[in-house]
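Chemist: Mind looking over this structure? Questions follow.
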Amino acid sequence: MMGPMRPVIVAGNWKMQTTPADAGELAATIARRTNEPDVVRVLCPPFVCLAAVRDALLAEPAGRDVAVGAQNVHHELAGAYTGEVSAPMLEGLATWAIVGHSERRRDAGETDALINQKVRRARDAGLHLILCVGEQLADREAGRAAAVVTAQVRGCLEGVEPPSPALDGRALWLTIAYEPVWAIGTGRTARGGDAAEMTSTIRHTLGGLGFAARGEAVPVLYGGSVTSATIDEFLAETSIDGALVGGASLKPDEMAGIVARAALTARSRGSQPSS
Ligand code: PGA
């Protein structure tokens, strides 16, 4: 039996880098250098650069297929939350959003329960989500990686009704990024086989939460020190559907290499880029 045709996705997380003055140019350059229609490409600049990136991509013929994503959304819709941005405010600016990134868990104290609320807000606003999960080094060394990630997936998605693609036409509303915390920004990556094992754990957990066919329709990305030199190992695993790229996503040469490799994977798997 053929498996579900999940898209191959490369998402760039620019974190707290770029300004409205230079983000558009960088996005347009990346769009030109990664012009591969078989790969879903998403760029996630800081909030203040969303409009510049959107406009630059619209003006660039190679940029029309590149989606814009936010790096976070607030868990409430509106109110007295100084400095925050809610999911509905992103309308017209972004169609994707990252939630639950480990840097926010670490720096902003985000818990699975809070991220669960963010997932609902982003989903209700019609955004495509990239939900990040991943264990600490101590968890992996103690043999707890699978248990920790399972608890995160459950906590972040418990009670979130898996929508039927047939009903809302958004099969791609949820993507999960497995990002071992010890691999983020360290130059140290997981082994492809270990990441694939975690991907299976994640899909098994999704099945337990009511996602059809054990979560087989949900794309799972690997993240953590992905570069054009390390992407191969992950895309060689058929359960891994692409990458969430941090540092290397600011470098057009790197993105060109990563997306070119992803395009080979997409074509060999017969993946469909449409959402
Ligand atoms: P990195 O970041 O590629 O710089 O390790 C990945 C991420 O935080 O998503």
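The values are calculated or read from the model by the stated rules, or taken from the named source; none is laboratory data. Keep in mind the model is a prediction, meaning the values are calculated, not measured. Cβ coordinates were reconstructed from backbone atoms using ideal geometry, including for glycine residues, and neighbour counts include every protein chain displayed. Surface accessibility is based on the protein's heavy atoms, side chains included, excluding ligands, DNA and RNA. Shrake-Rupley method; radii C 1.70, N 1.55, O 1.52, S 1.80 Å.
Chemist: Taking amide H positions as placed in the peptide plane 1.01 Å from N, state which residues far from Val218 in sequence (5 or more) or on other chains have amide H under 5 Å from it.
Modeler: none
Chemist: Which residues make up the longest stretch of the chain that has no trypsin sites (Lys or Arg not before Pro) in a DSSP loop with at most 11 other Cβ atoms within 10 Å?
Modeler: Longest site-free region, per DSSP loop and neighbour criteria: 65-190.
Chemist: Nearest 20 debye, what's the magnitude of the dipole of the stretch 1-110 about its Cα centre given +1 on Lys and Arg Cβ and -1 on Asp and Glu Cβ?
Modeler: Its charge dipole is roughly 260 debye.
Chemist: Which one of Ala122, Cys156, Phe234 has its Cα pushed farthest toward the positive end of the charge dipole of the chain, where Lys and Arg give +1 and Asp and Glu give -1 at the Cβ?
Modeler: Phe234
Chemist: Here is a follow-up. Could you please report the charge total around Tyr222, scoring K, R as +1 and D, E as -1 over all other residues with beta-carbon less than 11 angstrom from its beta-carbon?
Modeler: Value of the local net charge: -4.
Chemist: Continuing with this model, one more query. Measuring with a 1.4 Å probe in the full set of protein chains, what accessible area per residue, in whole Å², belongs to the chain? Mind dumping the intermediate values first?
Modeler: Working: 11790 Å² over 275 residues.
With the other protein chains kept in place, the chain gives 43 Å² per residue.
Chemist: What stretch of the chain, leaving out the sites themselves, is the longest with no GluC sites (Glu not before Pro) in a DSSP loop having at most 15 other Cβ atoms within 10 Å?
Modeler: Longest site-free region, per DSSP loop and neighbour criteria: 1-75.
Chemist: For the stretch 26-115, what percent of Cα pairs sit more than 19 Å apart? Mind showing how you got there, number by number?
Modeler: Working: 1782 of 4005 pairs.
Roughly 44 percent, once rounded to a whole number.
Chemist: What is the distance in Å between the Cα centroid of the stretch 141-164 and that of the stretch 171-190?
Modeler: 14 Å
Chemist: Further question: Order His204, His128, most accessible first, counting only protein heavy atoms with a 1.4 angstrom probe.
Modeler: Numbers: His204 110, His128 20 Å².
Ranking His204, His128 by accessible area, largest first, yields His204, His128.
Chemist: Further, regarding this structure: Just to be sure I understand the model, the point goes 7 Å from the Cα along the line to the Cβ. What's the resulting Arg267 to Asp232 distance in nm?
Modeler: The answer from the label model is 1.8 nm.
Chemist: Ignoring solvent entirely, what values of log10 I(q)/I(0) come out of the Debye formula for the stretch 162-251 at 0.11 Å⁻¹ when each Cα is a single scatterer?
Modeler: For the stretch 162-251 at q = 0.11 Å⁻¹, log10 I(q)/I(0) is -0.33.
Chemist: Moving to a separate point now. In square nanometres, what is the average projected area of the Cα convex hull of the chain? Kindly include the intermediate steps, with their values, before the conclusion.
Modeler: Numbers: hull surface 53.9 nm².
So the Cα hull casts an average projection of 13.5 nm².
Chemist: Moving to a separate point now. Compute, for the chain, the length of the dipole vector about the Cα centre, with Cβ point charges of +1 (Lys, Arg) and -1 (Asp, Glu) only. Units Debye, rounded to 20.
Modeler: Dipole size: approximately 240 debye.
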